[in-house]
Each structure stands twice: as structure tokens, then as C-alpha cells.
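Peer 1: Handing you this structure, nothing more for now.
The values are calculated or read from the model by the stated rules, or taken from the named source; none is laboratory data. Every value quoted in this text rests on a predicted model; they were computed, and no experiment measured them. Cβ placement follows ideal geometry from the backbone for every residue including glycine, while neighbour counts extend to all protein chains displayed. The protein model used for the area step is the full one, side chains on, heavy atoms only, and it has no ligands, DNA or RNA in it. Shrake-Rupley method; radii C 1.70, N 1.55, O 1.52, S 1.80 Å.
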Amino acid sequence: MRRTVADVMTDKVVAVSAATPFKEIAETLISGGISAVPVTDDDNHVLGMVSEADLLRKEEFREQYYREGYRPPLRARLRHPKGRQKAEGDTAAELMTTPAVTVSPKASARLMDGHGVKRLVVVDYDGRLVGIVSRRDLVKLFLRGDEAIAAEVRDDVLDRSLWVDTGDVRVDVRQGVVTLSGRMERRTEAAIAVRMVGRVNGVVDVVDRLTWKTDDSKWEGR
């Protein structure tokens with residue numbers, strides 16, 4: 001079965017409140033060995049995220065503009081209001097990036113690239129924090145053994161999901177690379193099989209060596 005965010009997320013999440021001071025946030029990140037922390041209200045609703053990058057803006061701003069007593073002109077300070085605001089922030093509310101990028105526990109585990117972020121906050125239907133999923137959590141999907149992958153490809157994809165005869169299809173998995181060989185009835189069905197196998201958790205690549213009896217691809221769109 002396709003794994004969901006709930007299957008791979010970390011459910012014991014360290015969070016801070018909007019009033020948490022700068023140094024306490026830094027200590028939380030260091031002691032927890034994490035690079036970001038969600039900010040929640042009293043009812044555990046997610047307000048935003050504070051990352052190492054958000055904290056470092058204070059030092060970056062100081063180095064860029066105040067070295068040797070230099071103060072940037074008003075025009076330059078107004079040009080980067082968000083950067084300046086975070087650089088001067090002393091609490092999570094002033095430092096955090098908001099809104100946080102969130103996801104449902106029921107969502108597919110393969111979605112990090114689509115959001116372009118390193119981590120996603122997992123919330124329930126009411127926006128309350130239930131976990132966090134990182135790129136490292138998603139990388140764990142590729143640690144599945146070849147036998148487990150082969151079983152899922154055969155049982156869930158070929159025998160159950162396609163609704164076509166796949167008795168002549170052979171499945172070989174080595175180091176996460178799935179090779180499909182044998183024969184199917186139609187070319188379009190073979191293409192669908194390859195795409196579906198590529199979505200199985202743990203699959204690194206799919207080598208398509210399938211043949212078919214009927215090339216029905218030329219009929220598409222008619």
C-alpha cells in the first residue's frame with residue numbers, strides 16, 4: 001500500500017510558543033538536534049516555523065550593515081523590511097516564517113519536492129500540530145528491502161490495481177531497481193504498469209522490458 005505522511009512522520013514534536021525568546025529557541029534547536037521548530041498557540045494550532053536561517057539573520061544583518069559602526073541608508077532598510085524585522089526580532093512571533101507549509105497525515109508520503117521545502121508540518125483537520133515530516137523521513141522510504149518491493153509490485157500493482165491480465169509479467173528487483181519483463185495485451189496497459197510501479201515506495205527506478213500484443217497507442221485521442 002502507498003505510504004502516507006502518518007507512516008513516516010515524527011509525532012513527538014518539539015514546539016515553541018509565540019512568546020518564546022530568541023536564546024531559548026536557539027537552545028531548543030541545538031539540544032534537540034533539529035534545524036527548525038514549529039510555533040504554536042495555546043490550543044496547539046500552528047502559527048509558523050522558526051528555523052536556523054531565521055535566527056542567523058540577526059548576525060547576518062549585523063555583519064552586513066553595522067560593521068565598524070556603519071548604518072545603512074533609510075532606502076536600503078526599507079527595501080528589505082522582512083529581513084530587517086527578523087534581524088531585530090527577539091521572540092518566536094517576530095522571527096517565525098508564516099504561514100507554515102502544512103500537510104495532512106493522510107497525504108502521500110512522496111510530496112516534499114512539490115513543496116520545495118526541507119520539512120512539512122503535519123496538522124489535523126483543525127490545524128493542530130500532530131507531527132513533522134522531513135526529507136530524511138522520506139529518504140527512509142528507499143530503505144525497503146527488494147523482497148518487500150517485489151511483493152508489493154506483484155500483489156498490489158500488477159494483480160490488484162491494473163485490472164488486466166498480468167500473468168506473463170515478470171518482476172525482478174535489485175537494489176530498489178525494478179525490472180519488468182514479459183508480455184501484456186496492450187501497449188498502453190504496459191505503460192500504465194510502468195508508471196504505477198515507479199510510484200511504489202522504495203523504488204529507485206523502473207527498467208521497462210515489457211512487450212505487448214497490440215499497439216493501441218496510435219488510437220489514443222481519436
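Peer 1: Under a 1.4 angstrom probe, counting protein chains only, how are ASP205, ASP41, ASP165 ranked by accessible area, largest first?
Peer 2: Largest accessible area first, the list is ASP165, ASP205, ASP41.
Peer 1: At 1.4 Å probe radius, can you tell me the per residue accessible area of the range 179-222 in Å²?
Peer 2: 60
Peer 1: Which FRET efficiency, nearest 0.05, do ASP41 and VAL204 yield, Cβ-Cβ r, R0 35 Å?
Peer 2: In this case the efficiency is close to 0.25.
Peer 1: Here is a follow-up. Any idea what the alpha-carbon Rg over 2.2 N^0.38 Å comes to for the range 175-222?
Peer 2: So the Cα radius of gyration is 1.24 times the expected 2.2 N^0.38 Å.
Peer 1: Order LYS218, LYS106, LYS58 by their accessible area, 1.4 angstrom probe, all chains in place, largest first.
Peer 2: Solvent-accessible surface, decreasing: LYS106, LYS218, LYS58.
Peer 1: Here's another thing I want to ask about it. Under a 1.4 angstrom probe, counting protein chains only, how are PHE142, PHE22 ranked by accessible area, largest first?
Peer 2: Order by accessible area, largest first: PHE142, PHE22.
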